[in-house]
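Each reported figure results from applying straightforward, stated rules to the coordinates on display, with no laboratory input. Not measured: the values here are computed from a predicted model. With ideal geometry, Cβ positions are generated from the backbone for all residues, glycine too; neighbour counts draw on all protein chains shown.
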Amino acid sequence: MIEFGCNVGITAKRVLENVPTIEKYIGIDVPSDFITTLECQLTEVPGRAGGYVADSDRFYLLTLPSARVTKGHLEPCDAIFIDGDHSYKAVMHESKMANDLVREGGIIVWHDFTNAAVEVSQALNELHASGWPIESIEGSWLAYMRK
């Protein structure tokens with residue numbers, strides 16, 4: 001599994017505690033001195049990315065801004081959770097990379113869909129219009145796509 005925007009690692013910790021079949025969880029987040037694209041995310045930069053799960057031998061941290069992450073940093077996987085930089089450009093970059101990396105039958109999940117404060121919906125609506133089978137989860141800020 002790969003998580004764009006792992007922050008302090010709370011999601012990673014819960015997933016690893018509850019899904020013992022996950023062999024490797026790659027968390028990606030920015031360095032603690034990073035300045036976010038969207039002003040509303042300035043307070044979301046973690047002081048210690050992945051700190052909650054740093055002791056897990058199944059967790060690997062990649063500290064790098066989204067725009068600098070390439071497929072060469074990652075490997076094919078079965079699940080990707082996108083919850084990092086919520087700017088249109090970053091969501092498009094991470095989504096296209098995720099689509100290339102997730103295996104057939106795998107899933108991509110996005111957080112903050114329909115959150116008006118960020119640009120996730122704009123990017124996902126555009127991808128959906130171009131043929132991506134993205135579905136939203138009613139009553140939440142989550143959207144997903146099975147590959």
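Taking neighbour counts of Cβ atoms within 10 Å as a proxy for exposure, in what order, fewest first, do Cys6, Cys77, Cys40 appear? Don't skip to the answer; put the middle values down first.
Numbers: Cys6 29, Cys77 18, Cys40 11.
Neighbour counts put them in this order, fewest first: Cys40, Cys77, Cys6.
The Stokes-Einstein estimate for region 2-146, based on a Kirkwood radius over Cα pairs and taken at 4 °C with 1.567 mPa s viscosity, is a diffusion coefficient of 85 µm²/s.
Mind giving me the FRET efficiency for Val19 and Cys40? R0 is 30 Å, r the Cβ-Cβ distance, nearest 0.05 is fine. Walk me through the intermediate numbers first.
Working: r = 31 Å, r/R0 = 1.02.
After rounding, the FRET efficiency stands at 0.45.
Each label was represented as a point 7 Å from its Cα along the Cα-to-Cβ direction; for Ile137 and Ile107 these points are 0.7 nm apart.
Rounded to whole Å, give me the distance from the Cα center of region 34-55 to that of region 62-125. Taking the Cα centre of region 62-125 as reference, the centre of region 34-55 is 16 Å away.
For the chain, the antiparallel share of DSSP beta bridges with both residues in that region comes to about 30%.
By the beta-carbon count within 10 Å of each Cβ, the least crowded to most crowded order of His86, His128, fewest first, is His128, His86.
Per residue of the chain, the DSSP helices (runs of n ≥ 4 H) give a summed -39500 (n - 2.57) that works out to -7000 deg cm²/dmol at 222 nm.
Rounded to the nearest 0.05, what FRET efficiency do Tyr60 and Asp33 have when you use their Cβ-Cβ distance and R0 = 35 Å? List each step's numbers first, then the result.
Details: r = 22 Å, r/R0 = 0.62.
FRET efficiency, Tyr60 to Asp33: 0.95.
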